[in-house]
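In what follows, a single structure is set out as structure tokens and then discussed.
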Amino acid sequence: METAMLKFNYDYASCVKNSERTSWRVDEVMPPDTRLDFSRAFLPEALVPNSSLDFLTEDQRLKLNQISGNAYLNLFAFVEEYILVTVVQHAQAEMFGDRDAIRALVRFADEEVKHQRLFERYRAAFDRDFPSPAEVLESAAEVAQVILSKSPISVMMITLHIELMTQHHYTECVKDNREIDPLFASILKHHWLEESQHAKIDALELAKLVSMATPKAISQAFDDYLDILAAFDGLLAQQAEMDVRSLGRATGRATDGSEPGATGFSAEETERIQQSQLQGYRRTFVWYGMTSPMYVQAMQDMSPDGAARVEARVAHFS
Ligand SMILES: [Fe+2]
Ligand SMILES: [Fe+2]
């Protein structure tokens, strides 16, 4: 961690200042009782590519996009569960120390719960307005426990990964997109505004942990990080399975009288939709994080060998 990560052009105080400047309220971004507009796509094709599913009609692909958008926000609320715990732990560790670091971390924690509240509000509106039930992952607290059982360095690595990836989603895929639903784009914009500070704080916290760690602990952190990615991959596969069932219901192919778990699509179609969803989620939630230039640099600074191990996994998620 000798090089770039120690030469930060920001510090805790500047993160607090930016956070105060960009801060927003849930009610401003999504007033209570907001109705969702199902005539537009929610996510850009770059994040959930489904145009190759040529056996689906345009309307079915639009519904699949909306199901993915709802799952996307839920996945964020899901990972914010463990991020909240870890950030509170980092704030606690700083008590009686650097006041700016405490403020930056406490604001960070508050912003994550706020994001969860926003995403929950969105999900409630989706459940109310979408024509049929859409399934999403539910066990956020259990997954948080699994992640938090890993070494603190690896937990901060995956956190930095997630918060950098959020920024790439917005700046590269959403910001200049005029096709998608303006409410969804606005939610991602407001999330990005605060995540920009979070990623900087993550990098500062990671540098702090690494400066006190042995090479063995750093190597272990890379193993743990790759284990977390593998566990996350399993969750993404579960979500992809849920999406096919949700689409089956939304298109009227799977009805209340269908076999339990039936999608209403043929086995081959089910497989193709599921694979397309999984590939989209992998690229969105894993690839964008592990290949983010700032993340790659941080890995290199920590351990060239560890960075090479991460790089060897990139193909699986692309
Ligand atoms: Fe967040
Ligand atoms: Fe965040």
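Here are some notes:
- Length gained when the stretch A230-D127 is fully extended (0.36 nm per residue, less Cα-Cα span): 34.1 nm
- GNM top mover of R35, R249, R121 - the chain, alpha-carbon springs below 10 Å: R35
- Using R0 = 51 Å, the C-beta based FRET efficiency linking E268 and K175 works out to 0.85.
- Taking one quarter of the surface of the C-alpha convex hull of the chain gives a mean projected area of 16.2 nm².
- Applying 0.36 nm per residue to the separation of A308 and V296 and subtracting their alpha-carbon distance, the gain on full extension is 3.4 nm.
- Links that overshoot a 19 Å alpha carbon limit, given the list K114/K208; K150/K208; K63/K114: K114/K208; K63/K114
- The angle between the Cα long axis of helix 267-281 and the longest principal axis of the Cα atoms of the chain comes to about 30 degrees, rounded to the nearest 10.
- Sequentially through the range 131-144, phi angles give Karplus couplings (6.51, -1.76, 1.60; θ = phi - 60°) of x, 8, x, 10, 8, 9, 4, 10, 8, 4, 5, 5, 5, 4 Hz, Gly and Pro residues having no value and appearing as x.
- Average Cα contact separation per residue, the range 57-317, under 8 Å, 6 or more apart, as relative contact order %: 24
- Extension gain, F96 back to A315 (0.36 nm per residue minus Cα-Cα distance, nm): 74.4 nm
- Spacing of the two label points (7 Å from each Cα toward its C-beta) at S51 and V88, in nm: 4.5
- Cross-link reach list, aspartates and glutamates versus K200, counting only Cα pairs under 13 Å and skipping chain neighbours closer than eight places: D11, E163
- Rg/Rh (Cα only; Kirkwood hydrodynamic radius) as it applies to the range 134-255: 1.06
- Positive-end ranking of A109, L193, V16 along the dipole of the chain, with charges on Cβ about the Cα centre, is headed by V16.
- Each Lys or Arg adds one and each Asp or Glu takes one away; over the other residues whose Cβ falls under 12 Å from the Cβ of Y295, this sums to -4.
- About its Cα centre, the dipole of the range 2-112 is roughly 160 debye, where the only charges are +1 on Lys and Arg Cβ and -1 on Asp and Glu Cβ.
Any read-out appearing in this document is the output of simple, stated calculations on the displayed coordinates, not a laboratory observation. The model shown is predicted, which means the values in this text are computed figures rather than measured ones. Cβ atoms come from the backbone with ideal geometry, glycine included; neighbour counts cover every protein chain shown.
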